[in-house]
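The values are calculated or read from the model by the stated rules, or taken from the named source; none is laboratory data. Just so it is clear, the model here is predicted, and its values are computed rather than measured. When we count neighbours, we look across all protein chains shown, and the Cβ atoms used for this are built from the backbone with ideal geometry, even at glycine.
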Amino acid sequence: MGLTERDLINVTDIDTDRQTVETTLEELRGVVSDRAYSGDTMLLNMGPQHPSTHGVLRLLLELDGETVVNVVPVIGYLHTGIEKNMEAKTYVKALVMTDRLDYLNPMGNNLAYSLAIEKLMEVEVPERAQIARVLLAELTRINSHLVWLGTHGLDVGAMSVFLYCFREREFLLDIFEMVSGQRMMSSYFRPGGLWRDVPEEFYDTVEEFLNYFPPKIDDYERLLTNNPIFLERTQGVGVLPPDEGIAWGASGGTLRGSGVNWDIRKAHPYSGYETYDFDVPLGEHGDVYSRYQVRIEEMRQSVRIAWQALERLKKAKGPFISDDRKVVPPPRSELGRSMEAVIHHFKLWTEGFNAPKGEVYVRVESPRGELGVLLSGDGGPKPHRVRWRQPSFSNLQALPVMARGHLVADMVAILASIDIVLGDIDR
Amino acid sequence: MSDVQNAVERIQAQFPDAIREVVEFRGETTLVVDKGSLVEICTFARDTEGLDFDRLSDQAGLDYWPEEPRFAVSYELYSLQNGTDLRIKVYTPGDDPELPTLSGVWPTANWMEREIWDMFGITFTGHPDLRRILLPHDWTGHPLRKDYPLGYEEVQFSFNVERIDDQKPYAKE
């Protein structure tokens, strides 16, 4: 109403603009409160291009002065149709696309997909591969938390933390490159095990990193944990009550910050996690500061798991991939000696393995929460449906619950603490 | 596993004619139910002592074209207290697919149903805000349906450079 009256000033020029604005405003009629239509509150676009939105996320803020009355996240700016694309490729070829979902956790996505295929095709993974998977998954978790910490600090104003975290990350990216040839989109975990065995220099490099890293976490804590400015900006801000967190489908650090003890590595262990010794940190108040504390401690626990995995990996002898030739291609050395190997190789490279009809759901603990894959096979070589249950999708849905009544600056801090990745949300 | 079996038996006892089928595959249990009693079954699963399915882990749409019934929506229920998983699946026919909304039972279903509407075109009656979520608001069609083409960009070689150039959306003068 208020909008139309103001537009009478210059009708011809802004006619088309008014049309576009009115259409979109009408669409939001159930979503923003009626105060916006009367001009009482302001609708501000924290647009898709914004340094603090952790990707291309558009937040439609309804502001009463500086206070956020409602926030409507608008997503879809990074949608690349990965789920549809995966249906057009064979199972192993589609694995390459899984890195690109949550791009800060590429090995975790590979792991979830490989576990789903292994469950569907009933393939056993040898022990050495399982240990390497745990080790690299934990290193990926540290990698993702470093990015979270850096960008979180940057959003709140602590700019030096950003570069320190990224300096540590370079070390990790070198390890990933050594193992898989790629810094980020590794596609290292394949159905049945690993793509290739870890190289010789892997053990020493990882040991060097695990010795070098824990003092760095202490450095970050020295910068932030008892910093009065950081405390003021994060304590009491963005509280997520635990029952609301569960109802809204939150998971990972977002839910554990509210004190809900749920970690899939403990509740539904996969890949041998039940044999490792680690704790799950929980927050107390459910505010931004609790989630910060939870993730810092998770980094320490990841180092602990990584030490155990590294020791075991040094001792574990055996194959790095399953020898079920119906699913896993034979090594090239076997092709010269065995006719069956050639036949298997031919079948796997031309058509691919056929999955039975049925669905499996596999969940893993990604740095953001519950990463789930619903893999539906239809008897053919291509997946019938690959549905990715991404943690950031549900965590972001809980953002309005956390952000109502806070200032815009607090909203930036809350968004940083949820640790979203737009590749996760939009796929 | 016995927790899940217990849950299945109790749901079957409470709603004997709404359960079409119980499928067990790779250690997971799926209940295929009628869409008419979907909301009641889910509320029962959430509120009953011993079942306690307080979390909807995932809601996925599936397209079984050209079989009928064409669409299915699969709900992954999870109980944080008991650690049990249950899948509930509902089928709906291909012409005018429609299901009741579960956003009143678990708020997380809100965006998940918007995504299924966006990608498959399955309407959820009673949903407070059914708009497109991942695609632009003026997009036509529902991409994850099997009869929607994947689409690709044709590579521009020297023999087809002009034809592809004509199709490119250059800025108008």
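Considering only residues in segment A:278-304 that are among the acidic types (Asp, Glu) and within 28 Å of A:GLU207 (Cβ to Cβ), the one that is surrounded by the most Cβ atoms within 10 Å (Cβ to Cβ) turns out to be A:GLU298.
Provide a single number: the residues in segment B:1-38 that are modelled with pLDDT of 85 or more, aromatic (Phe, Trp, Tyr) and not in a strand (DSSP E or B). The total comes to 0. Among the residues of segment A:62-100, those that are of a type in the set (A, V, I, L, M) and more than 21 Å from A:LEU399 (Cα to Cα) comprise A:ILE82, A:MET86, A:ALA88, A:VAL92, A:ALA94, A:LEU95, A:VAL96, A:MET97. Looking at segment A:216-230, is at least one residue surrounded by 18 or more Cβ atoms within 10 Å (Cβ to Cβ), within 28 Å of A:SER160 (Cα to Cα) and touching a strand residue (DSSP E or B) at 6+ places or on another chain (Cβ under 6 Å)? Among the residues of segment A:216-230, not one is surrounded by 18 or more Cβ atoms within 10 Å (Cβ to Cβ), within 28 Å of A:SER160 (Cα to Cα) and touching a strand residue (DSSP E or B) at 6+ places or on another chain (Cβ under 6 Å), which makes the answer no. Selection of segment A:49-70 for residues being within 14 Å of another protein chain (Cβ to nearest Cβ) and not in a loop (DSSP other than H, G, I, E, B) yields A:ARG58, A:LEU60, A:ASN70. Of all residues in segment A:361-371, none satisfies being surrounded by fewer than 19 Cβ atoms within 10 Å (Cβ to Cβ) and touching a residue at least 24 places away in the same chain (Cβ under 8 Å). When B:THR30, B:THR43, B:THR48 are screened for being at the interface with chain A (Cβ under 9 Å from one of its Cβ atoms) and closer than 19 Å to B:ALA18 by Cβ, only B:THR30 passes. Restricting the first member to segment B:148-173 and to residues that are on the phi > 0 side of the Ramachandran plot, and the second to residues that are modelled with pLDDT of 80 or more and small (Gly, Ala, Ser), no beta-carbon pair is closer than 6 Å while six or more apart or on different chains. Here is the figure for segment A:305-342: residues that are crowded, with 17+ Cβ neighbours inside 10 Å, of a type in the set (D, E, K, R) and within 19 Å of A:LEU136 (Cβ to Cβ) total 1. Selection within segment A:250-265: residues that are among the hydroxyl-bearing types (Ser, Thr, Tyr) and more than 10 Å from chain B (Cβ to nearest Cβ). The member of this set that is surrounded by the most Cβ atoms within 10 Å (Cβ to Cβ) is A:THR254.
Residues in segment B:146-173 that are surrounded by 12 or more Cβ atoms within 10 Å (Cβ to Cβ) and either at pLDDT 85 or above or in a loop (DSSP other than H, G, I, E, B) (or both): B:LYS146, B:TYR148, B:GLN156. Residue check: A:ARG141 meets all listed conditions (1) under 30 Å from A:PRO199 (Cα atoms); (2) in a loop (DSSP other than H, G, I, E, B) but one, namely (2).
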